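See below for the structure under consideration.
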Amino acid sequence: MNIGILLKEGPYNHQASDTAYKFAEAAIKKGHKVDAVFLYNDGVTNVTKHTDPPQDDRHIAKRWDELHEKHGVQVLACIAASKRRGINDDVLIEGAEITGLGTLTDIAIRNDRLVTFGD
Amino acid sequence: MEDVKKIMHVMRRAPHGSIYTYEGLEMILIMAAYEQDLSVAFIGDGVYAIKDDQNTDGIGIKGFAKTFMALDMYDVEKLYVDKQSLEERGLSEDDLLVDVEVLTSEEIGRLMNEQDVIVPH
Amino acid sequence: MLHTINKSPFETSTLETCSRFLQPGDPLLFLEDGVYAVQVGNRVSSSLESIMKNNPVYVLGPDLAARGIEDVTEGVESVDYEGFVELVEKHQVNSWL
């Protein structure tokens, strides 16, 4: 099955990023294709490379990077939401891209499921 | 047409206090260009998004209630409002800015079950 | 349609709202702070029991454990993230954020 994920909250403030990641990981483990994680609202702040959590905490931005690197999951930040929140190509982790809401529409159309995480 | 999906946007938050409704509306406007079978359901505090007489001048936030009136021009015509949510808030259809279908939770629940995608805002 | 709830029933009316829209047979999954709903003997236990007459109810086990909840209302099935994925295999998803 092909799955798209919509993530609507930033990291750490809410559990949404963690649940979305765990869900994606489990879906991949079960042999599904996770096509893309689309970041909307404050969700776009998941992918700034300036994130620097304490060493004993999970590194959420890095986790998304690895998901892209190892499993080819597209990690996409909405451009309109990013601009509002100071997210641009200069601060983006390597595995992420900035794109438009049209891309989210394509993700919704081409996948069997769109699963939303947020608060 | 192949690949037309039924996509329902669910507005459940009050406007202005958070950005969810506004950015949700932006998403709906973009999706409207893709000729999918779109609908919008207003549930809970989401009904406040389309309440008439909103004036945001004093709070320094751009008002967007009237943009909901433009959805019609984008061929987004399926606007559903949960009857109980309206009533609980002391509102009636006359207090709303746009033409909507007021439905029972049961009716909206059945429509939800027909969807390929539900996007909460 | 799989419905998910991630809010404590003591903080928001999400459970109450969602339950009005559930169609018979629709599964309901509690996750994140939503899992507090399934602790045995709380204020929403009776509404949960009436939901379970028509709808299977699941809870995300790791979220329960994280919150120290061991006694779960009878009939609620605990699943892990893979179980969550299995529910998504069978149903479209309606997240009541």
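One way to sum up the overall shape of the stretch B:11-121 is the equivalent ellipsoid from its Cα gyration tensor, whose semi-axes run 21, 18, 12 Å, largest first. Inter-chain Cβ neighbour count for A:80-93, averaged per residue, equals 1 (cutoff 10 Å, partner chain atoms only). The packing ranking, built from the mean of other Cβ atoms within 10 Å per residue, places the peptides C:1-7, A:60-66 in the order C:1-7, A:60-66, highest first.
For the pair A:Glu66 and B:Leu29, label points projected 7 Å from Cα toward Cβ lie 4.0 nm apart. Give the shape of chain A as rounded, prolate or oblate, defined through the alpha-carbon gyration tensor: a ≥ b ≥ c are the square roots of its eigenvalues, a/c under 1.5 means rounded, and otherwise the shape is prolate if a/b is larger than b/c and oblate if not. Oblate shape, in that a/c is at least 1.5 and b/c is the bigger or equal ratio. Placing a label point 7 Å from the Cα of B:Glu77 along the Cα-to-Cβ direction, the residues of the stretch B:96-116 with a backbone N closer than 15 Å are B:99-101. In the protein assembly as shown, the calculated helix contribution to ellipticity at 222 nm averages -9000 deg cm²/dmol per residue, counting -39,500 (n - 2.57) for every DSSP H run with n ≥ 4.
Coupling constants for the stretch A:34-48 follow from the phi torsions by the Karplus curve (6.51 cos²θ - 1.76 cosθ + 1.60, θ = phi - 60°), and in residue order they are 8, 5, 7, 10, 9, 9, 9, 6, 5, x, 4, 7, 5, 10, 8 Hz; glycine and proline get x. Taking the square roots of 5 times each eigenvalue of the Cα gyration tensor of the stretch A:44-112, largest first, gives ellipsoid semi-axes of 22, 16, 9 Å. Looking at the stretch B:1-71, the accessible area is 44 square angstrom per residue; that uses a 1.4 Å probe and ignores ligands, DNA and RNA.
Against the main long axis of the alpha-carbon atoms of chain B, helix B:20-31 sits at an angle near 40°. Residues of the stretch C:71-85 losing 50 Å² or more of accessible surface, assembly versus chain alone, probe 1.4 Å, please list them. Listed in order, they are C:Tyr81, C:Glu82, C:Val85. For B:Lys5, a cut-off of 16 angstrom between C-alpha atoms picks up these lysines, skipping any fewer than 8 places away in its own chain: B:Lys78. Surface burial for A against C, with a 1.4 Å probe and both sides summed, reaches about 1700 Å² of accessible area.
Between B:Ser18 and B:Asp99, the modelled label-to-label distance comes to 3.3 nm, taking each label 7 Å out from Cα in the direction of the beta carbon. At B:Gln84 and C:Glu86, where each label point lies 7 Å from the Cα along Cα→Cβ, what is the point-to-point distance in nanometres? Each label point lies 7 Å from its Cα, and together they span 3.1 nm.
If you roll a 1.4 Å probe over the stretch B:6-120 with all protein chains in place, what percent of the accessible area is carbon or sulfur?
Percent of accessible area from carbon and sulfur atoms in the stretch B:6-120: 45.
Only protein atoms count toward the accessible area here, which uses a 1.4 Å probe; on the stretch A:1-58, the carbon and sulfur part of that area reaches 42 percent. Gain on full extension, evaluated as 0.36 nm per residue between A:Asn2 and A:His59 minus their Cα-Cα distance, stands at 17.9 nm. The mean accessible area for residues of the stretch A:5-53, using a 1.4 Å probe and ignoring ligands and nucleic acids, is 34 Å² per residue. Centre-to-centre separation between the Cα atoms of the stretch C:29-57 and those of the stretch A:32-60: 31 Å. Remark: the Cα gyration tensor places the stretch C:1-45 in the prolate category, a/c being 1.5 or greater and a/b exceeding b/c. Using a probe of 1.4 Å, the accessible surface attributed to A:Tyr12 totals some 80 Å² when neighbouring protein chains are kept in position. Under 5 Å between amide hydrogens, built in the peptide plane, is the criterion, and for C:Tyr58 it picks out C:Leu28, C:Leu29, C:Phe30, C:Glu77 among residues at least 5 positions away or on other chains. Buried area at the A:B interface is about 1700 square angstrom, summed over both chains, from accessible surfaces computed with a 1.4 angstrom probe.
Full extension of the chain between C:Ser47 and C:Thr12 yields a length gain of 11.1 nm, computed as 0.36 nm times the residue separation minus the alpha carbon distance.
For the stretch C:12-24, the Karplus equation 6.51 cos²θ - 1.76 cosθ + 1.60, evaluated at θ = phi - 60°, returns couplings of 9, 9, 4, 4, 4, 5, 4, 5, 5, 9, 4, 9, x Hz by residue, with Gly and Pro reported as x. Treating each Cα of the protein assembly as shown as an identical point scatterer and ignoring solvent, apply the Debye formula and state log10 I(q)/I(0) at q = 0.09, 0.13 Å⁻¹. Debye intensities relative to I(0), on a log10 scale: -0.47, -1.01. Overall, the accessible surface of the stretch C:2-96 at a probe of 1.4 angstrom is composed of carbon and sulfur to the extent of 43 percent. Interface size, chains B and C: roughly 1400 Å² of accessible area buried, both sides included, 1.4 Å probe, rounded to the nearest 100. The orientation-averaged shadow of the Cα convex hull for chain C, equal to a quarter of the hull surface, comes to 5.3 nm².
The values are calculated or read from the model by the stated rules, or taken from the named source; none is laboratory data. Here the structure is a predicted model, which is why all the values come from computation and not from measurement. Don't worry about glycine lacking a Cβ; one is built from the backbone with ideal geometry, like all the others, and counts go over all protein chains shown. Note: areas computed on protein heavy atoms with side chains; ligands, DNA, RNA excluded. Shrake-Rupley method; radii C 1.70, N 1.55, O 1.52, S 1.80 Å.
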